[in-house]
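Values in this text are rule-based calculations from the coordinates and carry no lab data. Here the structure is a predicted model, which is why all the values come from computation and not from measurement. Cβ placement follows ideal geometry from the backbone for every residue including glycine, while neighbour counts extend to all protein chains displayed.
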Amino acid sequence: MAGKRGIGNPVAVSDLAGEILDPVLRKRAGISIGLVQSWEEIVGERLAATSRPERIVWPRRMGDDDPFEPATLVIACEGMAALRLQHETMEVIGRVNAFLGFAAIGRIRIVQKPVAAGRRRPVKAPKPLSAAEKERVSGLTKEIEDDGLREALRRLGASVLGSKK
């Protein structure tokens with residue numbers, strides 16, 4: 001009776017969510033929640049930070065007699081890491097197939113889109129400039145006639161000098 005739910009038998013919320021989401025993901029994307037949750041273990045921390053599995057596209061079969069054809073795994077990947085993922089495609093296919101337990105995936109299609117929206121490093125604000133640095137930036141931009149351009153270049157100069165500290 002260890003696995004049965006009932007009064008007095010606590011169950012992790014993640015188990016309940018998995019039981020609810022898994023059928024929906026399978027129907028909509030052809031993918032299991034286990035693959036999504038284990039993505040970092042499958043591809044490694046470096047690739048998992050900039051990619052995620054989107055769906056598995058299975059080829060259409062006209063009848064039961066048709067031979068098995070492996071599916072295409074669609075992976076969302078940030079532009080900067082797409083090339084790295086492309087070079088490691090065969091290794092990723094092997095690892096995903098090992099995770100699934102059979103040769104389910106035959107190729108990978110990479111879709112470039114933002115993935116790690118919540119994981120971006122915060123941008124540090126530039127440090128305030130000293131009076132001498134402010135004078136230097138003003139002196140370099142004083143001959144510019146356009147007020148908007150002069151102010152933009154002053155802000156740029158302050159940002160560059162402030163970030164070098």
Check your understanding: Which whole-Hz ³J(HN,Hα) couplings does segment 90-101 yield from phi under the Karplus relation 6.51 cos²θ - 1.76 cosθ + 1.60, θ = phi - 60°, glycine and proline marked x?
Key -> 5, 5, 5, 4, x, 5, 5, 5, 5, 5, 6, x
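Highest mean first, how do 83-93, 136-146 rank when packing is the count of other Cβ atoms within 10 Å averaged over residues?
83-93, 136-146
Take VAL36, VAL43 and order them by how many other Cβ atoms sit within 10 Å, fewest up front.
VAL36, VAL43
Using alpha carbon coordinates only, what is the Rg to Rh ratio of segment 76-165, with Rh defined as the Kirkwood radius? Intermediate values should be presented prior to the final figure.
Values: Rg = 24.0 Å, Rh = 17.7 Å.
When Rh is taken as the Kirkwood radius, the ratio is 1.36.
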Check your understanding: Tell me, in nm to one decimal, what length is gained between ALA132 and ASP65 on full extension, where the rule is 0.36 nm per residue of separation less the Cα-Cα distance?
Key -> 16.0 nm
Review point. With charges set only on the Cβ (+1 for Lys and Arg, -1 for Asp and Glu), what does the dipole of segment 60-165 come to about its Cα centre, in debye to the nearest 20?
Key: 700 debye
Exercise for review: Note the full-extension length gain between GLN112 and ARG95 as 0.36 nm times their separation in residues minus their Cα-Cα distance, in nm to one decimal.
Suggested key: 4.0 nm
